1. From the set of residues in region 30-49 that are part of a strand (DSSP E or B) and open to solvent by less than 50 Å² (accessible area, probe 1.4 Å), which is farthest from E114 (Cα to Cα)?
2. Among the residues of region 50-92, which ones are in contact with a Phe, Trp or Tyr (Cβ under 7 Å, 6 or more places away or on another chain), in a loop (DSSP other than H, G, I, E, B) and under 26 Å from E114 (Cα atoms)?
3. Within region 240-261, which residues are open to solvent by less than 40 Å² (accessible area, probe 1.4 Å) and of a type in the set (A, V, I, L, M, F, W, C)?
4. Filter region 287-310 for residues that are among the acidic types (D, E) and modelled with pLDDT under 80 and give the result.
5. Only one of these conditions is not met by A322: (1) farther than 30 Å from D219 by Cα; (2) more than 30 Å from the chain's Cα centre (by Cα); (3) modelled with pLDDT under 70; (4) part of a loop (DSSP other than H, G, I, E, B). Which number is it?
6. L158 - would you say it is touching a strand residue (DSSP E or B) at 6+ places or on another chain (Cβ under 6 Å) and either modelled with pLDDT of 95 or more or open to solvent by 10 Å² or more (accessible area, probe 1.4 Å) (or both)?
7. I need the full set of residues from region 227-239 which are in contact (Cβ under 8 Å) with a residue 40 or more places away in the chain and open to solvent by 30 Å² or more (accessible area, probe 1.4 Å), in order please.
Amino acid sequence: MYDYKKIAAAAGAAALMLSTGAVPGSAAEEKPVRLMCMGDSITDGFWLTGGYRNTLCEHITANNQESLVDLVGPNWGGSGYDPQHAGYSGYSVANIAQEDSISGQRSGLTEFAEWMLGEYPANVVFLQIGTNDILSLYDLEHYGERLEVLVDIVLGALPEDGALYLATLPVMDATNNLYISDYFFTVESMDAAVEQCNAQIRALAEKKRAEGKPVILADINGVLTKSDLYDGVHPSAEGYRKMGEFWYARLSEYLSGERPEVTQPGTTETAEITTTTTTTTTTVTETTTTAPAPELLRGDVDGNGAVTIADAVMLAKYICAAGDLTEGQAERGDMNADQKINAVDLTLLKRAL
């Protein structure tokens, strides 16, 4: 079976040598940038085969850059000149077990990313993953920690001149219940979940850059609005087009060398701080007081001092007989203080979120 990509690349290289006088192995012969688009169904192109990669490839073709950019990955699909990719519909960051998900068991990219990058080495990776972690309502407080494991695998596989473009997650519209459970999500709680994950993505990108890693934040969340969605989760044709425009701009930055500088660890300048110490004499009168009982924070089922989606998950599992609550957890989950835990309490908690 012929590999048309290799044939096309060879033809492009021959044309380049004829026009520049380059010979194989000479300094004038440049290898194409190997680009891996990695992620979930939005990268795969759910409902619109190729998704944003169609527009990305259209721009590459329109600017005669096909010989400069080689899309890589184990999957295949789309209308562009190069349909290879690493988008996996339904996948999360890491594996999610059935009992930990409100939307079923999910496989994670982390489990095979090292193999994938070994088989399909890349100079540049466009990574967008986490939508299914939210739809599974799976441990969103530690989403960034899971993502960092995957990011480190990608960084470990990149060459010296490589770059990882780490995308924020697009908006999701909980008024559309095709994929978003109205039992577990309200519009407000879904918006909060997306922002909770995006805050962790931004923090992770900043952390890696401070470590001297070639990680560039790609804020795709600022590109799409809810009107750009097809089904509440996946982009419409216009949404995919906007994403393709965005990603082509990032690719152009890489090709032109306009990437932000990476701060090397230990090179940050620190300001000298002068401290003045004064000595005072204080007379202390000892008194005995009784600390007031801590105020009961209803909705804070797990007792961490904040009402979050994780509390709703604990309450829902208890109501569905899939989990247990301690006496204190039950008291905090009793939203209407009627000494019962039922769907009314879950509804009130969802509204509080």
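The values are calculated or read from the model by the stated rules, or taken from the named source; none is laboratory data. Everything quoted here is computed from the prediction, not taken from an experiment. Every residue, glycine among them, receives a Cβ derived from its backbone with ideal geometry; neighbour counts consider all protein chains shown. Surface areas here come from the heavy atoms of the whole protein model, side chains and all, with no ligands, DNA or RNA. Shrake-Rupley method; radii C 1.70, N 1.55, O 1.52, S 1.80 Å.
1. V33
2. G51, G73, P74, P83, S89
3. M243, F246, W247, A249, L251, listed by residue number.
4. Applying the first criterion (among the acidic types (D, E)) to region 287-310 yields 295, 300, 302.
E295 - this is the single residue of region 287-310 that is among the acidic types (D, E) and modelled with pLDDT under 80.
5. (2)
6. Values: touching a strand residue (DSSP E or B) at 6+ places or on another chain (Cβ under 6 Å): no; either modelled with pLDDT of 95 or more or open to solvent by 10 Å² or more (accessible area, probe 1.4 Å) (or both): yes.
Considered against the rule, which asks whether it is touching a strand residue (DSSP E or B) at 6+ places or on another chain (Cβ under 6 Å) and either modelled with pLDDT of 95 or more or open to solvent by 10 Å² or more (accessible area, probe 1.4 Å) (or both), L158 comes out as no.
7. Y230, A237
Rundown of residues vs (1) in contact (Cβ under 8 Å) with a residue 40 or more places away in the chain; (2) charged (D, E, K, R), yes/no style:
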position: G51; (1), (2): yes, no
position: S67; (1), (2): yes, no
position: G78; (1), (2): no, no
position: Q105; (1), (2): no, no
position: E114; (1), (2): yes, yes
